[in-house]
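Taken together, the values in this text are just the output of simple stated rules run on the coordinates, not laboratory data. Keep in mind that what you see is a predicted model, and the values were worked out from it rather than measured. Using ideal geometry, Cβ is built from the backbone for each residue, glycine included, and neighbour counts are taken over all protein chains shown.
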Amino acid sequence: MKLKIAIQKSGRLSEDSLRLLKECGIDLSNGGNKLKSTSSNFPLEVYFLRDDDIPQYVEDAVADIGIVGENVVYEKQKDVQVLEQLGFGKCRLSLAVGRNDEYSRAALQGKRIATSYPVILQQFLDRENITAEIHEISGSVEIAPGIGLAEAICDLVSSGSTLLTNGLKEAETILHSQAVLIRHNQLGAEKMAILEQLLFRLRSVRQARNNKYILLNAPNDKLDQIIGLLPGMKSPTVLPLATSGWSSVHSVIDENDFWNIIQQLKAAGAQGILVVPIEKMIL
Ligand code: ATP
Ligand code: ZN
């Protein structure tokens, strides 16, 4: 029995999806141009598909699980379960208007908005009691205002440079999105067991990525204060240094607290601070 996973064949999510599987120790005979690849060391079969089709395939159990942007999951409204955010493919779905236009929600009333995300946009408009005309187009939405097709657009943005080069400005974000793992609603016991194993590995990889291993030297009279700054998995490891009156302290810190904590550690008298990445982290 193998678990079937659908990932994007070629596009913004492909590389990161494959890398994540690799970091989970799953070997794949290099796919890319193929439709399908089977792992030699984990019961997983990978299908390479267009991202838009992945929710449907997972609903239909053609694939058991899939990796796709939340934007696609919410737009397609298929009967699938979202299991886990994966931390890549981050973008936002935003409304944009002409660079010189003044924006307000009320000003959208009666306007034409071009988008590839009519479902998500309609939900936003309904919530805000705005009646606008949605023009669904499948690609190059950003050119719609320039050719007179719409007054506003609703499109995916990451840096905003595409908007700028088309004379548009981002006016309001209606959805923040990232890649997620989705699953078919009913999986048999055997497939569930494989999925549990995969999730365990995924979480260990993701945990590790969000944490750093930190080593530092501390004068013994400052140890309490320094340890107080380091949460650690349980509590920090403290080892005596050859130089008397000094200790080596080891711990794990959150990537997000990193710069903040480093400053405080230095101020408290820590020296020789080393920060190293963690490859896997099992909680
Ligand atoms: P496919 O051929 O598979 O249909 P696509 O052209 O629809 O590909 P991509 O442009 O590769 O899709 O984007 C895939 C996903 O990457 C998007 O659905 C979104 O979740 C995410 N993404 C991240 N940043 C951006 C961005 N700046 N623009 C568009 N999508 C982005
Ligand atoms: Zn697509």
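Cut-off is 10 Å between beta-carbons; in what order do 27, 16, 51 appear when sorted fewest neighbours first? Before the final figure, lay out each step's value.
Numbers: 27 14, 16 17, 51 24.
In increasing order of surrounding Cβ atoms, one gets 27, 16, 51.
Would you grab the residues whose amide H sits under 5 Å from the one on residue 172? Only those 5+ places off in sequence or on another chain, please, with H modelled 1.01 Å from N.
95
For all pairs of alpha-carbon atoms in the chain, what percent lies in each bin of width 10 Å, listed from the first bin to the last filled one?
Spelled out bin by bin, the chain gives 6, 22, 21, 20, 18, 9, 2, 0 percent.
Are there DSSP H segments in the chain that both extend 27 Å or more along their axis (alpha-carbon positions) and score a mean Kyte-Doolittle hydropathy of at least 1.0? List them, or say none. Walk me through the intermediate numbers first.
Values: long enough: 189-209 (30 Å, -0.13).
Helices meeting the criterion: none.
With +1 assigned to the C-beta of every Lys and Arg and -1 to the C-beta of every Asp and Glu, and no other charges, what is the dipole magnitude of the chain about the Cα centre in debye, to the nearest 20? Don't skip to the answer; put the middle values down first.
Working: 30 positive and 34 negative charges, 158 e Å.
Rounded to the nearest 20 debye, it is 760 debye.
Could you tally the net charge around residue 105, taking each other residue with its Cβ under 14 Å from the Cβ of residue 105, Lys/Arg +1 and Asp/Glu -1?
Values: positive: 111, 127; negative: 101, 102, 126, 128, 151, 172.
That sum, taken over residues with Cβ under 14 Å, equals -4.
Mind ordering 254-264, 168-178, 236-246 by average Cβ neighbours within 10 Å, highest first?
Details: 254-264: 13.6, 168-178: 17.2, 236-246: 11.8.
Result, highest mean Cβ count within 10 Å first: 168-178, 254-264, 236-246.
Please name whichever of 62, 241, 259 sits farthest to the positive end of the charge dipole of the chain, dipole taken about the Cα centre and charges placed at Cβ: Lys and Arg +1, Asp and Glu -1.
Farthest along the dipole direction, towards plus: 241.
What list of ³J(HN,Hα) couplings, whole Hz, do you get for the stretch 60-69 from phi and the Karplus terms 6.51, -1.76, 1.60, once you set θ to phi - 60° and write x for glycine and proline?
The phi angles translate into 7, 6, 5, 10, 7, 9, x, 10, 7, x Hz.
Along Cα→Cβ, 7 Å out, is where each label goes; now give me the distance between the ones at residue 279 and residue 10 in nm to one decimal.
My value for the distance between the label points is 3.2 nm.
Could you tell me the calculated FRET efficiency between residue 119 and residue 234, based on Cβ-Cβ distance and R0 = 30 angstrom, to the nearest 0.05?
Details: r = 46 Å, r/R0 = 1.54.
Rounded to the nearest 0.05, the efficiency is 0.05.
Counting other beta carbons within 10 Å of each Cβ, put 138, 235, 39 in order, fewest first. Show your work: numbers first, answer last.
On the way: 138 7, 235 10, 39 19.
By the 10 Å Cβ count, ascending, the order reads 138, 235, 39.
Grab the Cα-Cα distance for residue 135 and residue 101, subtract it from 0.36 nm times how many residues apart they are, and report the gain in nm with one decimal. If you can, show how the numbers build up before the last one.
On the way: separation 34, 0.36 × 34 = 12.24 nm, distance 1.95 nm.
Full extension of this stretch gives 10.3 nm more.
Would you kindly state how much longer the chain becomes between residue 38 and residue 207 on full extension, computed as 0.36 nm times their sequence separation minus their alpha carbon distance, in nm to one decimal?
On the way: separation 169, 0.36 × 169 = 60.84 nm, distance 2.64 nm.
In short, 58.2 nm is gained.
Sort out for me the Cα centre separation of the stretch 170-228 from the stretch 38-68, rounded to whole Å.
22
May I ask for the percentage of alpha-carbon pairs in the stretch 171-264 that lie more than 16 Å from each other?
Numbers: 3019 of 4371 pairs.
Beyond 16 Å sits 69 percent of the P(r) for the stretch 171-264.
Could you state the per residue volume, in Å³, of the convex hull enclosing the Cα atoms of the stretch 1-113? It would help to have the intermediate numbers written out before the result.
Values: hull volume 16.4 nm³, N = 113.
In the stretch 1-113, the Cα hull volume divided by residue count equals 145 Å³.
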